[in-house]
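The values are calculated or read from the model by the stated rules, or taken from the named source; none is laboratory data. From a predicted model like this one, the values you see are computed outputs, not experimental measurements. Cβ placement follows ideal geometry from the backbone for every residue including glycine, while neighbour counts extend to all protein chains displayed. The accessibility values were calculated without ligands, DNA or RNA, using every heavy atom of the protein model including side chains. Shrake-Rupley method; radii C 1.70, N 1.55, O 1.52, S 1.80 Å.
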Amino acid sequence: MAISTMLSILGQGFVITLEIFFLTLIGSLPLGIVVALARMSRIKPISWITKFYISIMRGTPLMLQMFAIYFAPYYVFGIELSPGSKFTATIVAFVVNYAAYFAEIYRSGIQSVPRGQYEAAAVLGYSRAQTFMKIVLPQVIKRILPAMGNEVVTLVKDTSLAFSIGVMEMFSSAKAIAASQVNMLPFAFAAAFYWAFCLIIEFVMGRIEKKLDYYHD
């Protein structure tokens, strides 16, 4: 197989990888905020349920969660799976898994802001919403960026787990080519794709951190 053909096939798989990556972020970043707020809720049942959810998501393999979400409709409810259900199950599993991790990052960031700043804002006449948006949020964003960056880079590599339920992302494409051609070159090219993508993310996160250098703890 020509290298150009190989790269073309890997490029098609990389498009699927990008779809998994961006759809996971679009779903898990806002969901993580909701989970974090529920985790800090003063209503004990809500807090306990959320803690249990986070524990399950962080304490079991993502691959196992994909299997559970993909196979449960058929084995539990007898629902026939459509051809597109593999991709849907992948996105759902990634979103609920990464939301749990992001929730803990959000929570640690929010709780790291000294209580005195809330009290000072109240004395100055700020509402709770104004306090959060103008005082708390800028500090939280700056403090959680390194941890968020690490999770986002991890997400890039975790997209390869989608091969386990038959989603033809880049790693699956490389695996199929390598098996048919008895050649390790597709894996080398795939590794280069992942590495380059991670470098881009690290660059973007670094630029964002520099933009926030105006704020000092």
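The heavy atoms of residue 168 present about 100 square angstrom of accessible area, all protein chains included, probe 1.4 Å.
Can you work out the accessible area per residue across segment 3-212, with the rest of the protein chains kept in place, probe 1.4 Å, in square angstrom? It would help to have the intermediate numbers written out before the result.
Working: 11650 Å² over 210 residues.
Heavy-atom accessible area per residue stands at 55 Å².
Can you send over the carbon and sulfur percentage of the accessible area for segment 3-212, probe radius 1.4 Å, protein chains only? Mind showing how you got there, number by number?
Details: 8080 of 11650 Å².
That fraction is 69 percent.
Let me check I've understood the local charge: for residue 121, count other residues with C-beta under 12 angstrom from its C-beta, Lys and Arg +1, Asp and Glu -1. What total comes out?
Details: positive: 115, 128, 134; negative: 119.
Surrounding charge for residue 121 is +2.
Distance from the C-alpha centroid of segment 137-194 to that of segment 58-81: 22 Å, rounded to the whole angstrom. Compare 173, 55, 160 in a GNM of the chain, Cα atoms joined below 10 Å, and give the one with the largest fluctuation. Per the Cα network of the chain with a 10 Å cutoff, 55 tops the list. When a/c reaches 1.5 or more, the comparison of a/b and b/c decides; with that in mind, is the chain rounded, prolate or oblate per its Cα gyration tensor? Oblate shape, in that a/c is at least 1.5 and b/c is the bigger or equal ratio.
Multiply the residue gap between residue 12 and residue 34 by 0.36 nm, knock off their C-alpha separation, and tell me the result in nm, one decimal place.
Here the answer is 4.5 nm.
With each run of n ≥ 4 DSSP H residues scored as -39500 (n - 2.57), what mean residue ellipticity at 222 nm is computed for the chain after dividing by its residue count and rounding to the nearest 500 deg cm²/dmol? Display every interim value, and only then the final one.
Details: 9 runs with 170 residues, N = 217.
For the chain, the value works out to -26500 deg cm²/dmol.
How much accessible area does residue 182 have with a 1.4 Å probe, in Å² rounded to the nearest 10? The accessible area of residue 182 comes to roughly 130 Å².
Only protein heavy atoms count here; under a 1.4 Å probe, residue 77 has an accessible surface of about 150 Å². Here the Karplus curve 6.51 cos²θ - 1.76 cosθ + 1.60, taken at θ = phi - 60°, turns the phi angles of segment 119-130 into couplings of 5, 5, 5, 5, 5, 7, x, 6, 6, 4, 5, 5 Hz, with x standing for Gly and Pro.
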